[in-house]
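Below you'll find the structure, written out as structure tokens, and then a few comments.
The values are calculated or read from the model by the stated rules, or taken from the named source; none is laboratory data. These figures come from a predicted structure and were not determined experimentally. Positions of Cβ are generated from backbone atoms using ideal geometry, with glycine treated the same way; all protein chains shown enter the neighbour counts. Surface accessibility is based on the protein's heavy atoms, side chains included, excluding ligands, DNA and RNA. Shrake-Rupley method; radii C 1.70, N 1.55, O 1.52, S 1.80 Å.
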Amino acid sequence: MTATVPQAGTDRPDYSALIQPERVHGSLYTDPRIFAEELERIWYRTWVYVGHESEVPQPGDYVRKNIGPQDLVMTRDREGQVHLLVNRCAHRANLVCEDERGNSNSFRCPYHGWTFRNNGELLGYPYHQGYGGRGKLNLGMATVPRVESYRGFVFGSFAEDGPTLTEHLGAAAGEIDRLCRLSPEGEVELNAGWLKHRTRANWKLLAENETDGYHPQFVHGSIFSVTGSPIGALYSEKSTAVTRDLGNGHSENDLRPEFRRHGEPMRWFGTTPDRVPDYVAKMRQAYGDEAEQILVEGAPHVMIFPNLFIAEIQVFVIQPLSVDECVQHSTAVQLKGAPELNRRMISQSIGSVGPAGMLLADDTEMYERNQVGAEQLRPEWLEIRRGMHRERVDERGLRVGTATDETGMRGFWSHYKTLMEDDK
Ligand code: FES
Ligand code: FE
């Protein structure tokens, strides 16, 4: 455990003392009390990414999901509406849905046989005389009170009210738009299946790392050299790419300046138009004059607070389980109407984040080493000051640093502090 947590005269940690402009306290990654407060103030209050509509395309489809340790079932009802059910029986709290995915209009609890519609309503209960007859109970499965989706990305909030999803996403919504624009049909699908990596590290180490442009040259040097990838150069002192604080804890590595400088379509994907001719033709047909710009600029690299990371051709979802354990869920982006590219995205994803992949394993090694380090007593603090002196504000009023600066982390912590100190 790290040293004593500074207190503010209450029994709550003093987040202003723990989170300073240039550094954050190690206890933020190791103190179980802080994790408990995060569940209450972040995970069970703000908007959290849960799943994608393409995972439940048909009425009756369902898939197991989560918000932190909360076990959810994402369903699509007969009317086509998506619901997030809390996977807990209204009778004696048994886990209702066991299968990872399937199609059913109802769920039957295995313990005493209560059945529920896929919108959570109670359908029936055996030996009903024990309750004075049929239809006497009004005990459905609980649902996540607010569910909204943005371009197919489904978010949930356990708070009955608060900022809307649009307000929460703010400038990050434009990055989801940018991903969708890479499909000739303007739609992304996340239906290629999910890999899960259990990681012995605090969830924030992952969230901070997603737009840390300082580490790739060192941590990922081996995959860059083996594959002859030009990606490493995007994260160097010479790179014209930038790191941007998008507000509300969201951040991005905006690689477009580098891709524009080269001006080569499909360079972002490590290929050339002649290798994916059908895709390029369909894009030109769909977007006309705009197509060249889209094909040059490529996909976003954006971390959406607190748990959704869009990494160009993959999507990661961070699920915290305890103060020092989480699960990283990852999948390949699939662009509607682009089978040629989709096949390549799946094989690239297997190579980078699959069980024998060369990218995620390197990051995960760093997360776990970081967790062990954060549990050591001295020097207590983790630095987040890199590039503060050269930060600027862009035309949208957003803070921007160079490719290797810790601008994204500072944005993350600023929003985190606001949520943790919020007294509502
Ligand atoms: Fe589900 Fe009893 S706990 S039916
Ligand atoms: Fe990395």
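Which of the residues spanning the range 20-49 are open to solvent by less than 10 Å² (accessible area, probe 1.4 Å) and over 19 Å from GLN376 (Cβ atoms)?
Once the filter is applied, which keeps residues that are open to solvent by less than 10 Å² (accessible area, probe 1.4 Å) and over 19 Å from GLN376 (Cβ atoms), the range 20-49 yields GLU38, ILE42, TRP43, TRP47, VAL48, TYR49.
Can you tell me which of (1) assigned to a loop (DSSP other than H, G, I, E, B); (2) among the hydroxyl-bearing types (Ser, Thr, Tyr); (3) open to solvent by less than 50 Å² (accessible area, probe 1.4 Å) is the one TYR111 doesn't meet?
Just one mismatch for TYR111, condition (3).
Residues checked against (1) touching a strand residue (DSSP E or B) at 6+ places or on another chain (Cβ under 8 Å); (2) assigned to a loop (DSSP other than H, G, I, E, B); (3) open to solvent by 20 Å² or more (accessible area, probe 1.4 Å):
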| site | (1), (2), (3) |
| --- | --- |
| LEU123 | yes, no, yes |
| GLY130 | no, no, yes |
| GLY133 | no, yes, no |
| LEU139 | yes, yes, yes |
| VAL147 | yes, no, yes |
| GLU160 | yes, yes, yes |
| LEU179 | yes, no, no |
| PRO184 | yes, yes, yes |
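Every residue, every condition in (1) within 32 Å of the chain's Cα centre (by Cα); (2) away from ligand 2 (no atom under 16 Å from the Cβ); (3) in contact (Cβ under 8 Å) with a residue 40 or more places away in the chain, yes or no:
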{"residue": "ALA93", "(1), (2), (3)": "yes, yes, no"}
{"residue": "GLU98", "(1), (2), (3)": "yes, yes, no"}
{"residue": "SER104", "(1), (2), (3)": "yes, yes, yes"}
{"residue": "TRP114", "(1), (2), (3)": "no, yes, no"}
{"residue": "GLU121", "(1), (2), (3)": "yes, yes, no"}
{"residue": "TYR125", "(1), (2), (3)": "no, yes, no"}
{"residue": "GLY135", "(1), (2), (3)": "no, yes, no"}
{"residue": "ASN138", "(1), (2), (3)": "no, yes, no"}
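Whether any residue in the range 108-115 is more than 12 Å from ligand 1 (Cβ to nearest atom) and either of a type in the set (D, E, K, R) or within 29 Å of VAL327 (Cα to Cα) (or both) is what I want to check.
So far as the range 108-115 goes, no, none of its residues is more than 12 Å from ligand 1 (Cβ to nearest atom) and either of a type in the set (D, E, K, R) or within 29 Å of VAL327 (Cα to Cα) (or both).
So which of GLU210, GLU189 is farther than 18 Å from THR364 by Cβ and of a type outside the set (Ser, Thr, Tyr)?
GLU189
Among the strands (runs of 3 or more DSSP E) confined wholly to the range 204-323, which include 1 or more residues that are in contact with a Ser or Thr (Cβ under 7 Å, 6 or more places away or on another chain) and open to solvent by less than 10 Å² (accessible area, probe 1.4 Å)?
So the answer is 242-247, 250-254, 301-304, 314-322.
Among the candidates THR211, THR243, which residue alone is touching a residue at least 24 places away in the same chain (Cβ under 8 Å), in contact with a His (Cβ under 8 Å, 6 or more places away or on another chain), of a type in the set (Val, Ile, Thr) and more than 16 Å from ligand 1 (Cβ to nearest atom)?
Sole residue among the options that is touching a residue at least 24 places away in the same chain (Cβ under 8 Å), in contact with a His (Cβ under 8 Å, 6 or more places away or on another chain), of a type in the set (Val, Ile, Thr) and more than 16 Å from ligand 1 (Cβ to nearest atom): THR211.
If you scan the range 359-378, which residues turn out to be within 30 Å of HIS197 (Cβ to Cβ) and of a type outside the set (A, V, I, L, M)?
Correct list: ASP362, ASP363, THR364, GLU365, TYR367, GLU368, ARG369, ASN370, GLN371, GLY373, GLU375, GLN376.
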